[in-house]
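The values are calculated or read from the model by the stated rules, or taken from the named source; none is laboratory data. Note that this is a predicted model, so its numbers are computed, not measured. Note: ideal-geometry Cβ built from the backbone for every residue, glycine included; neighbour counts use all protein chains shown. The protein model used for the area step is the full one, side chains on, heavy atoms only, and it has no ligands, DNA or RNA in it. Shrake-Rupley method; radii C 1.70, N 1.55, O 1.52, S 1.80 Å.
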Amino acid sequence: MRLPAVLAAALVACGAVPVAAQSALSLDEAVARALLHNPSLTAAGYAVDEAAARVDQARAARLPRVDAFESWQRSDAPLFAFASRLGARTLTADDFLLSRLNEPESVTYFRAALAVQQMLFAPGVGAAIDQARIGRTMAEVERDAARRDLALAVTTAYAAVLATEADQRATQGARQAADGDATRAAARRDAGMATDADVLALQVAVADLRAREARAGGEADMARVSLNRLLGAPLDTHFTLSEPAPPPVDLAVADAATPDTLGTRPDLQRAVQSEALAEAGFRAARARFLPEVAATGGLEMGGLEFSSRRSSWAVGAEVRLNLFAGGADRARLREAEARRARAAAER
């Protein structure tokens, strides 16, 4: 409910700006300023940055993962005490006595480890990377479409300001002329050359023109507020606009370029990318039925004292194959197939 009050305050401020404080602004400058300062377009640029970061996240699945660990534990649990001495390689014959096995003293164990895992075969990674790339392309398409839409909106708002101000000036001129007619009619009536009805008719016309003039002024101020919003400028900023000359039109060039404009339409580009995204999603769903293969390796340093540890290493490989997940994978595959068919139909 505060929006009308804000607009009203902006309109009052617009009318109070002196002519000397106004800045000249051509249509080209208005479009350039909007492309630089409009908050919505700035947000679309950040959306492209987000999508580009998701591509890097997807690519990271093909690189090795390295984790480092440092831990400290103390316990008198029999299994922990025996395993800690074994890991530190400090076992003696006395440690195998039943009394020490069953009732060991508390042991402190320091452990540092380095673990490496490298996926050798991850069938869904390629599809995930493709999905991220398509998402980035779609974000770029949306940003470019937003730029074109903003340029069109600025041009329309710029023209609206020029049109409403021209209407305001025309209405003001008509009202001034009507004021003169009413003044002369009153003088003729006083001289006995006109009637009260003639004067009243002109006064009604003047009142109507005054109302039209006020309405035209309000429309001109609202048009300026709309233009300032698109420019990312304060709503009470007052620019001096100039009517641009129409550019020359080469009909031969225009006719030759018409058949090629279909491929540049943002909605068609968006549809094509949506279909490609659905295809990548289908491949990702199908990849869930394939095994994953990973290689692992690790280095461990353990001991009963922080400064005295013994090292050990391990390497291995892992194959993982999902045999049953309640039918979720097959349902996901049907969903991806239907999404792919829908995207193709929409395109």
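HN-Hα J couplings of the stretch 200-207 from phi, Karplus 6.51/-1.76/1.60, θ = phi - 60°, integer Hz, Gly and Pro as x?
5, 4, 5, 5, 5, 5, 5, 4
Sort 29, 275 by accessible area with a 1.4 Å probe, largest first.
29, 275
For the chain, which longest stretch is free of loop sites, where a loop site is one of the chymotrypsin sites (Phe, Trp or Tyr not before Pro) that DSSP puts outside H, G, I, E and B and that has at most 12 other Cβ atoms within 10 Å?
In the chain, the maximal stretch lacking such sites is 1-288.
Might you tell me the accessible area per residue for the chain, computed with a 1.4 Å probe and given in Å²?
That works out to 63 Å² for each residue.
Arrange the residues 114, 150, 200 by how much accessible surface each exposes, largest first, with a 1.4 angstrom probe.
My answer, sorted largest first, is 200, 114, 150.
Give me a comma-separated list of calculated 3J(HN,Hα) values for the stretch 118-127, in order, Karplus coefficients 6.51, -1.76, 1.60 applied at θ = phi - 60°, integers in Hz, x for any Gly or Pro.
10, 6, 8, 8, 10, x, x, 5, x, 5
Put +1 on the Cβ of every Lys and Arg and -1 on every Asp and Glu Cβ in the chain; which of 36, 186, 81 then has its Cα farthest towards the positive end of the dipole?
Toward the positive end, the furthest listed residue is 81.
Please list, ordered by chain and number, the residues whose modelled amide H lies under 5 Å from the amide H of residue 310; skip anything fewer than 5 residues away on the same chain.
302, 303
Please state the charge dipole magnitude for the chain, taken about the Cα centre, from unit charges on C-beta atoms (+1 on K and R, -1 on D and E), reported in debye and rounded to the nearest 20. List each step's numbers first, then the result.
Numbers: 41 positive and 44 negative charges, 216 e Å.
Dipole magnitude for the chain comes out near 1040 debye.
How large a share of the accessible area of the chain, in percent, is made up of carbon and sulfur atoms when the probe is 1.4 Å and the other protein chains stay in place?
Result for the chain: 58 percent of the exposed heavy-atom area is carbon or sulfur.
Measure of size requested: the Rg and Dmax of the stretch 60-218, with Cα atoms as the atom set and Å as the unit; please supply both.
Every Cα atom of the stretch 60-218 included, Rg and Dmax give 46.4, 140 Å.
When Rg and Dmax of the Cα atoms in Å is calculated directly from the model, which label among [x] 38.8, 140; [y] 20.1, 61; [z] 21.1, 78 fits?
Only one option fits the structure, namely [x].
For the stretch 274-289 and the stretch 191-246, compute the distance between their C-alpha centroids and round to whole Å.
Centre-to-centre distance over Cα atoms comes out at 59 Å.
Which value at 222 nm does the chain reach when only helices count, each DSSP H run of 4 or more adding -39,500 (n - 2.57), with the total divided by all residues and rounded to the nearest 500 deg cm²/dmol?
Numbers: 10 runs with 211 residues, N = 347.
Mean residue ellipticity at 222 nm (helix-derived): -21000 deg cm²/dmol.
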